[in-house]
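The values are calculated or read from the model by the stated rules, or taken from the named source; none is laboratory data. This structure is a prediction, so every number in the text was calculated from the model and none was measured. Note that each Cβ is placed from the backbone with ideal geometry, even for glycine, and that neighbours are counted across all protein chains shown.
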Amino acid sequence: MIRCALNGAPAALPGGMTLLQALRAQGLNTPRFGCGEERCGACHVLLEGRSTPSCALPVEAAEGRAVVTLEGLGGRAAPHPLQRAFLAEEAGQCGFCLAGIIVTAAALLRENPDPDEASLRAALDPHLCRCGSHNRILRAIRRAAAEMRA
């Protein structure tokens, strides 16, 4: 078993699989399998605060480390500012990509609370949104950044 902190709580994940498979086996549904090659962003989670693709990463890489999924950022009772902003801006259509985008945005805003347009676009570059919600996604992240700075 791989011991880590998962969404703020101690966890034991089964070994011998990818981190994404182990998270899904725990019932966490927001990290998604998209390409399996770390190219689409749907599987991103925070590993020690950094946005990290989980689809090809061996679960053993999480040993002793903090892993956060979208479920760990916030929930219905206390949503994260990014979750509120994405809802307010109607930034998602199908939602398949959003968990990866939101955790990446959370990592960016933790590092840079007031990112310029180039920094924002660079952080989101690894993420594919096939619905074409990019403008709304950018607005939502800027809205959350402003709320978090206030």
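Remarks
- Looking across the range 6-52, the residues that are small (Gly, Ala, Ser) and touching a Phe, Trp or Tyr at 6+ places or on another chain (Cβ under 8 Å) come down to Gly34, Ala42.
- Residue that is surrounded by the most Cβ atoms within 10 Å (Cβ to Cβ), among those in the range 43-58 that are touching a residue at least 40 places away in the same chain (Cβ under 8 Å) and more than 15 Å from Glu71 (Cβ to Cβ): Pro53
- Checked against the criterion of being within 27 Å of Arg139 (Cβ to Cβ) and at pLDDT below 95, the candidates Arg50, Arg76 yield just one match: Arg76.
- Of the residues making up the range 106-137, those that are under 15 Å from Gly95 (Cα atoms), within 15 Å of the chain's Cα centre (by Cα) and surrounded by fewer than 19 Cβ atoms within 10 Å (Cβ to Cβ) number 1.
- Qualifying residue in the range 87-110 (condition: outside the structural domain of Leu46 (by TED's automatic domain parsing) and at positive phi): yes
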